[in-house]
Amino acid sequence: MNLTRNIFRIVTSAALSRTPTHLIKGHPQRTLMDGGISAIKTENSGDEFLKEALVILMQDAVQKGTDRGHKVCEWMEPEKLHEILDLKLQRNGESQEVLLGYCRDIVRFSVKTGHPRFFNQLFSGLDRHALTGRILSETLNTSQYTYEVAPVFVLMEEEVLTTLRHYVGWTAGDGIFCPGGSISNMYAINVARFHRFPHAKEKGLSALPRMTIFTTHESHYSVRKGAAFLGIGTDNIILVQTNDRGKMLPEDLEKKIEKSKSEGAVPFLVSATCGTTVLGAFDPIADIADVCERHGLWLHADAAFGGSALLSSKHRHLLHGIERANSVTWNPHKMLGVGLQCSAFLLPDTTGLLQRCHAANATYLFQTDKFYDLKYDTGDKSIQCGRRVDCLKLWLMWKALGSQGLEKRVDKALEQTRYLVEEMKAREGFCLIMEPEFVNLCFWYVPPSLRDQQDSPDYWQRLGKVAPVIKERMIKKGSMMVGYQPHGDRVNFFRQVLVNPALTKTDLDFFLDEIELLAEDL
């Protein structure tokens, strides 16, 4: 606490030492309005609040929030939490101390997703360099649409996108950061439709034939949402069969495309997945690309989760053939731990397809007679107007760790997954759904009362109730968080996702021990 306060004092003193004397409190300043001398108050009460709030952020959210000696979450029922938190917005402002109390409560009752024992989502961890980038982005508060208001970030975004495209395997191309992987996938649908039917932008759906999209039941639900949002319709999503590991079957894809054509529809997009949400499956991109090329379909690779494996020389084979895709979604906020949100939509296209698809040419932003090169006004590639800066946190983290450091981060995650698999095999009660291909480790925990009861008629029904009970107990205890779900004809099972860079083998051993402890009476 004292160290943090001293840092703020040093920063404040340094800032004042560089401030012109006429701007320091106590020095007079002549104003143009009255032509005389007037004293100005330069110390904003908000500055002191900000300094104190940053202390809370550092101490409570960063340090305690990632400390194994503190809880992952402090559970509170919604009604009770609403009573504790004064959420109502009132006519009169409140004191600094009250506001700081709110900040402490917000941190206290929020889930600590940076905690080493938070395994609940496809993201986890708190990279300090990326966090610094996020704080800088929020402080500078600009919009990433024109060079004149975001000169640094326009150049930075293109550099980061160029580097990501390099790892995909493209020497040139285009792209943009989007507000999440779902929107990136929707970009793919919209751009693919525009590529096939450019007049769709002006004429709309009434001028188009029935179009079909091909994906699997393992794909992210944003494909369905995108079809609905863009007017294609969820009935026009055709599900391709998968093998027992959740991978798309290219031979069934070809059959479904031919069938769709025979029914008078126009197939235009295949959405393959590199790292599915539950099983962590990677569709065979190269084989799917062969099918797409034969039939003239746009191939989109949703590598939101699995894309970061491209950074690893050991594991990039999982995405073999991805360079043949027409577009790629990649979310560094997942496996790399950049922080929400950081999602790139990437293309090898160099014809300006993204710009032509989305541009509205608003003259109050994108004037054609500006004094600098208009290619740096990239905002019309986006469906948004205002767009937050999402490149800085990734850029700053990459600068700190280097590509080598990020590769080690990916390799470590897969090594720890393998360690946990072997430990589960050595313990009674842990039953793998399948050998993991990636960092998704799916398993049932069979409590003592159900062991050797597989022949019981209600065995699976009872086993399906185990994960929800264990999950409730761990959350109310605050010891850790891990997700569960049913899947197809499988009853509820846990999905452990190992992506937090701070994880150690001790954390993984704790995870297994805690599951056993929480279920010992079941």
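The values are calculated or read from the model by the stated rules, or taken from the named source; none is laboratory data. Computed from a prediction, not measured in an experiment: that's the story for all the values here. A quick note on method: Cβ atoms are made from the backbone with ideal geometry, for glycine too, and the neighbour counts reach across all protein chains shown. The area values use the complete protein model at the heavy-atom level, side chains included, leaving out ligands, DNA and RNA. Shrake-Rupley method; radii C 1.70, N 1.55, O 1.52, S 1.80 Å.
General observations
- When a 1.4 Å probe is rolled over the protein heavy atoms, the share of accessible surface on the chain that falls to carbon and sulfur comes to 54 percent.
- Note that segment 188-232 shows a convex hull volume over its alpha carbon atoms of 70 Å³ per residue.
- Taking all pairs of distinct alpha-carbon atoms in segment 402-518, Kirkwood radius in angstrom: 15.2
- Convex hull volume per residue in cubic angstrom - Cα atoms of segment 143-388: 124
- Length gained on full extension, residue 458 to residue 428: 8.7 nm, using 0.36 nm per residue less the C-alpha separation.
- In this Cβ point-charge picture (+1 for Lys and Arg, -1 for Asp and Glu), segment 358-515 has a dipole of about 500 debye about its Cα centre.
- Accessible-area rank, largest first, for 399, 71: 399, 71, with all protein chains present and a 1.4 angstrom probe.
- Each listed q (0.13, 0.14, 0.15, 0.16 Å⁻¹) maps to a log10 I(q)/I(0) for segment 290-341 from the Debye sum over equal C-alpha point scatterers, namely -0.36, -0.41, -0.46, -0.51.
- Sequence-separation-based contact order of the chain, relative, with Cα cut under 8 Å and 6+ spacing, percent: 18
- Calculated mean residue ellipticity, 222 nm, the chain: -12000 deg cm²/dmol, from DSSP H runs (n ≥ 4) at -39500 (n - 2.57) each, averaged per residue and rounded to 500.
- Solvent exposure of the chain amounts to 49 Å² per residue of accessible area, where only protein heavy atoms count and the probe is 1.4 Å.
- Computed log₁₀ I(q)/I(0) - Debye formula, equal Cα scatterers, no solvent, segment 45-110, q 0.29 Å⁻¹: -1.24
- Extension gain (nm, one decimal) between residue 166 and residue 506, 0.36 nm per residue minus Cα-Cα: 118.8 nm
- Taking every alpha-carbon pair under 8 Å whose residues sit at least 6 apart, segment 465-522 reaches a relative contact order of 33 percent.
- For residue 108, solvent-accessible area (1.4 Å; no DNA, RNA or ligand), Å²: 120
- The charge dipole of the chain, taken about its Cα centre with unit charges on the Cβ atoms of Lys, Arg (+1), Asp and Glu (-1) only, comes to about 840 debye.
- Here is the P(r) of the chain: all C-alpha pair distances, binned every 20 Å from 0, give 19, 47, 29, 5, 0 in whole percents.
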